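Working notes, beginning with the structure itself.
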Amino acid sequence: MKNKIVLTLITLIICFAAFAQPKEVLADKIIAVVGNKIILKSDIDNSIIDMQRQGVDVPADARCLSLEQAMGVKALVLQAEKDSIPVTEEEVDADIDNQIRYFISQYGSKDEVERIAGKSLYQLKEDFKEGFRDRKLATAMRNKIVEGIKITPNEVKAYFEKIPKDSLPYYETEVEVGQIVVFPKASREADEYCIEQLNQYKSLIESGKREFGAVAAINTEDPGSKERGGMYEINRNQKDMDPVWMSKAFTLKEGQISNPFKTRFGYHIIQLVNRMGDDAVVRHILKIPQVTQVELKTGFEKLDSIRAKLIAGTLDFGTAVSRYSDDEASKFTAGMIQGRDGSFLTIDQLDKDLVVKLKDLTVGAFSQPVEYTDERGKKGLRVLYLKTKTTPHRENLKDDYNKIALRAIEQKKEAALEKWFDQKTKGYYVMIDNEYKNCAALKHWIEIANTSAK
């Protein structure tokens with residue numbers, strides 16, 4: 001039995017089932033039962049529909065695999081409830097809010113999401129609750145089952161040696177790169193100029209001469225909202241926005257424009273377009289105070305001093321990041337730049353400026369301070385640290401131990417999960433609709449169902 005509970009199929013079944021409900025309600029039926037938990041035909045239908053909508057490759061036996069995964073989740077939920085694993089309404093609501101924001105980002109607006117779903121966001125959230133609660137309980141139960149599992153170097157070696165040599169992956173050059181970032185503080189005159197500009201925009205909009213969106217599209221320095229005329233759809237509880245900015249947005253009345261205010265990104269004005277409870281649509285304009293060569297010189301001197309200590313060995317890189325870096329994101333990663341698969345980055349994942357600066361840097365070395373511009377257009381300075389660099393190679397234990405160890409421990413966890421399912425689920429009541437009795441993926445569940453029917 002292969003119950004890989006956290007695979008994509010599981011996520012799609014639970015996250016998108018309610019979103020994919022057709023506008024015309026068709027006859028539904030129960031196609032499986034695990035304990036007292038039911039699975040409906042529409043649950044599987046909708047998971048397949050939305051996999052197709054999201055561009056996921058749908059295998060020929062997708063319905064069988066989807067049902068197997070759904071039954072696995074129900075089994076974990078049953079045990080989680082029995083073990084009284086706590087999941088709060090607030091946690092479930094937070095996950096749902098994140099999912100709704102994802103849909104809005106994918107489809108462009110709240111109205112478009114509601115149009116596609118054929119229901120309001122409030123209805124969507126209500127439809128999501130049971131599925132998201134199940135996912136959280138299932139994940140917590142899975143983690144409890146595997147939490148004590150560790151792996152030894154000998155086990156990693158044994159795992160690697162079982163892999164056929166012609167199946168070993170080939171890796172292009174990969175690097176681990178860290179950075180210490182300093183954003184020089186602009187002068188008071190530069191700050192005052194930004195405030196003056198924003199006050200002019202505010203007066204222009206409030207006089208009715210220009211629309212906020214039109215002014216933002218031309219003048220905002222926030223690349224994330226420029227093409228949308230400065231617009232964001234936000235929720236009071238989301239954690240990915242600046243807290244000062246969020247607080248200001250929710251103090252406004254509909255149509256009201258704030259006075260200029262400062263965040264770590266620069267100076268802003270915000271207009272509240274509309275609000276429904278904890279959800280709001282806002283527009284904003286960001287102006288970033290310009291840094292002159294005078295401020296840059298001070299920043300260079302600061303980084304030169306830090307680099308000297310790093311080279312002398314009187315300061316380690318992680319401590320330097322914690323004490324001196326102005327990049328909030330990299331403080332949580334000890335300064336290491338992150339990619340899709342953690343800190344190991346291929347050349348195509350690096351920005352062009354970074355590739356050029358790393359060209360002559362040896363492993364373990366620190367670059368001279370260099371100017372750069374972050375993804376929001378803010379000018380800064382940074383010292384780069386080349387932690388590791390690999391040459392193109394076939395996977396091996398010496399160069400790729402950590403990657404191999406991660407796969408090995410996941411395999412060990414999967415084996416523990418399979419053992420748990422084999423032991424625990426035999427005591428459950430299980431029913432499977434005849435339509436699925438020929439599914440090879442459901443062999444384990446069919447055996448239990450046959451026993452339950454006697």
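Scanning the range 362-381 for residues that are assigned to a loop (DSSP other than H, G, I, E, B) and either of a type in the set (Asp, Glu) or buried (at least 17 other Cβ atoms within 10 Å of the Cβ) (or both) yields a total of 5. The listed residues are Trp445, Trp420, and the only one of them that is touching an Asp or Glu at 6+ places or on another chain (Cβ under 9 Å) and aromatic (Phe, Trp, Tyr) turns out to be Trp445.
Quick check, is Lys403 within 28 Å of the chain's Cα centre (by Cα), within 23 Å of Gln79 (Cα to Cα) and part of a helix (DSSP H, G or I)? Considered against the rule, which asks whether it is within 28 Å of the chain's Cα centre (by Cα), within 23 Å of Gln79 (Cα to Cα) and part of a helix (DSSP H, G or I), Lys403 comes out as no.
Residue count for the range 338-360 under the criterion of being touching a helix residue (DSSP H, G or I) at 6+ places or on another chain (Cβ under 9 Å) and part of a loop (DSSP other than H, G, I, E, B): the result is 5. Does Leu386 satisfy the condition of being part of a strand (DSSP E or B), assigned by TED's automatic domain parsing to the domain that holds Phe300 and surrounded by 14 or more Cβ atoms within 10 Å (Cβ to Cβ)? Yes, satisfied.
Conditions tested, residue by residue: (1) more than 24 Å from the chain's Cα centre (by Cα); (2) under 14 Å from Ile180 (Cα atoms).
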| residue | (1), (2) |
| --- | --- |
| Lys359 | yes, no |
| Gly364 | yes, no |
| Lys378 | no, no |
| Arg382 | yes, yes |
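Within the range 437-451, residues that are in the same structural domain as Thr425 (by TED's automatic domain parsing) sit with their Cβ atoms under 9 Å from residues that are loosely packed, with under 13 Cβ neighbours inside 10 Å and among the acidic types (Asp, Glu), at 6+ positions apart or across chains, in these pairs: His444/Asp422. Just one of the listed residues (Glu254, Glu221) is surrounded by 13 or more Cβ atoms within 10 Å (Cβ to Cβ) and either assigned to a loop (DSSP other than H, G, I, E, B) or assigned by TED's automatic domain parsing to the domain that holds Leu121 (or both), namely Glu221. Give the residue that is farthest from Lys262 (Cα to Cα), with candidates limited to residues of the range 188-208 that are hydroxyl-bearing (Ser, Thr, Tyr) and surrounded by 15 or more Cβ atoms within 10 Å (Cβ to Cβ). Looking at residues that are hydroxyl-bearing (Ser, Thr, Tyr) and surrounded by 15 or more Cβ atoms within 10 Å (Cβ to Cβ), I get Tyr201.
Evaluating Phe265 against the criteria (1) touching a strand residue (DSSP E or B) at 6+ places or on another chain (Cβ under 7 Å); (2) buried (at least 17 other Cβ atoms within 10 Å of the Cβ); (3) farther than 30 Å from Arg382 by Cα leaves one unmet condition, (3).
For beta carbons closer than 6 Å, sequence separation of 6+ or different chains, a first residue in the range 152-170 that is over 13 Å from Asn402 (Cα atoms) and a second that is among the basic types (Lys, Arg) and surrounded by 10 or more Cβ atoms within 10 Å (Cβ to Cβ), the qualifying pairs are Leu168/Arg394; Tyr170/Arg394. Number of residues in the range 212-227 that are farther than 11 Å from Val282 by Cβ and either under 25 Å from the mean Cα position of the chain (by Cα) or free of Cβ contacts under 8 Å to residues at least 12 places away in the same chain (or both) equals 7. If you take the residues in the range 291-333 that are assigned to a loop (DSSP other than H, G, I, E, B) and touching a Ser or Thr at 6+ places or on another chain (Cβ under 9 Å), which one is farthest from Ala216 (Cα to Cα)? Here the answer is Thr333. Reported count of residues in the range 264-288, each being under 26 Å from the mean Cα position of the chain (by Cα) and of a type in the set (Ser, Thr, Tyr), is 0. Within the range 188-211, the set of residues being part of a helix (DSSP H, G or I) and free of Cβ contacts under 8 Å to residues at least 60 places away in the same chain comprises Arg188, Glu189, Glu192, Glu196, Gln200, Ser203, Leu204, Glu206. Scan the range 113-132 residue by residue and report those that are closer than 18 Å to Arg53 by Cα, out of contact with any Phe, Trp or Tyr (no Cβ under 9 Å at 6 or more places or on another chain) and without any contact (Cβ under 8 Å) to a residue 40 or more places away in the chain. Result: Glu114, single match.
The values are calculated or read from the model by the stated rules, or taken from the named source; none is laboratory data. Treat the numbers as computed from the prediction; the structure is a model and nothing was measured. Every residue, glycine among them, receives a Cβ derived from its backbone with ideal geometry; neighbour counts consider all protein chains shown.
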